[in-house]
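The structure appears below as structure tokens.
Each value in this text was obtained by applying a stated rule to the coordinates, not by laboratory testing. Please read all numbers here as calculations on a predicted model, not as lab measurements. No Cβ is skipped: glycine too gets one built from the backbone with ideal geometry, and neighbour counts run over all protein chains shown.
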Amino acid sequence: QQQVKQSPQSLIVQKGGISIINCAYENTAFDYFPWYQQFPGKGPALLIAIRPDVSEKKEGRFTISFNKSAKQFSLHIMDSQPGDSATYFCAASGDSNYQLIWGAGTKLIIKP
Amino acid sequence: DAGVTQSPTHLIKTRGQQVTLRCSPKSGHDTVSWYQQALGQGPQFIFQYYEEEERQRGNFPDRFSGHQFPNYSSELNVNALLLGDSALYLCASSWGYWVYNEQFFGPGTRLTVL
């Protein structure tokens, strides 16, 4: 019940296209869902996060869509750019448990 | 502000040895969390320190221990190293231990156990 399943493992998108990464969780007590971006040789950096009281959150070209009934959430990157090429991790937490449970990551490559 | 810093950058040890990794949090932060990131995997939570005490611990054996100093910096110690301990060790700092507070990560220490 503590797992977060992330897909796809890798993704290649043309410049200007939409990148979509999906995550699913099982623990219904999770109430915090962040996405992190990690470049090679760097630690992860928080990109955007959502709480379950809203179904969508948008920050610039990045949007989180959240489906509470399906226990799924996804990251959409609009107008994808080569500089977006990185590994993206979803995570979840809650249930009075302060640990972040992380997905396995998606390696995104944006082709110019 | 230098952000979260970690030392050393890389480390090579042999099985059975002991290792100490260090972390300096971002200025103004009082909470430090440690993660292990195996190649191609997401980070796994090891433990979190707040007010110089281990506040929460993940599913890691007692070979993994830590410490937080009065200046909020922290150390991660691993005893009796195993080959499977080879990973990137990440330190993250935040203001307060609440999970909703943004965690800022350092670049990590790459540990190789031979």
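Points worth noting:
- Compactness of region A:4-96 - radius of gyration and Dmax, Cα, Å: 13.0, 41
- Each pair of Cα atoms in region A:1-45 enters the Kirkwood radius, and Stokes-Einstein at 20 °C and 1.002 mPa s then converts it into a translational diffusion coefficient of 165 µm²/s.
- Proximal aspartates and glutamates to A:Lys107, defined as alpha-carbon separation beneath 14 angstrom and excluding residues fewer than eight positions away on the same chain: A:Asp84
- A straight chain from B:Ile12 to B:Leu83 at 0.36 nm per residue would run longer than the Cα-Cα distance by 24.4 nm.
- R0 of 45 Å, Cβ-Cβ distance A:Ile20-B:Asn71: FRET efficiency to nearest 0.05: 0.55
- Multiplying the residue separation of B:Asn101 and B:Thr20 by 0.36 nm and subtracting their alpha-carbon distance yields 26.5 nm.
- In summary, the aspartates and glutamates within cross-link reach of B:Lys13, defined as a Cα separation below 16 angstrom excluding same-chain residues under 8 places away, comprise B:Asp85.
- Two-site label geometry, A:His76 and B:Glu53: point separation in nm, points 7 Å out along Cα→Cβ: 4.6 nm
- The loop-placed chymotrypsin sites (Phe, Trp or Tyr not before Pro) in region B:37-114, going by DSSP, that have at most 12 neighbouring Cβ atoms within 10 Å of their Cβ come out as B:Trp98.
- Along principal axes, Cα extents of chain B, largest first, whole Å: 38, 26, 26
- Percent of beta bridges antiparallel (DSSP, chain B, rounded to nearest 5): 90 percent
- The three principal axes of the Cα atoms in region A:44-112 give end-to-end lengths of 43, 22, 19 Å, sorted in falling order.
- Partner chain coverage, peptide B:92-101 - average Cβ within 10 angstrom: 3
- Average partner coverage of B:34-46, which counts Cβ from other chains inside 10 Å: 5
- Three principal axis extents of the protein assembly as shown based on alpha-carbon atoms, in descending order, are 48, 38, 36 Å.
- Euclidean distance of C-alpha centroids, region A:1-76 and region B:1-47, integer Å: 24 Å
- For region A:4-96, the number of Lys pairs with C-alpha atoms closer than 29 Å, counting only pairs eight or more positions apart or on separate chains, is 15.
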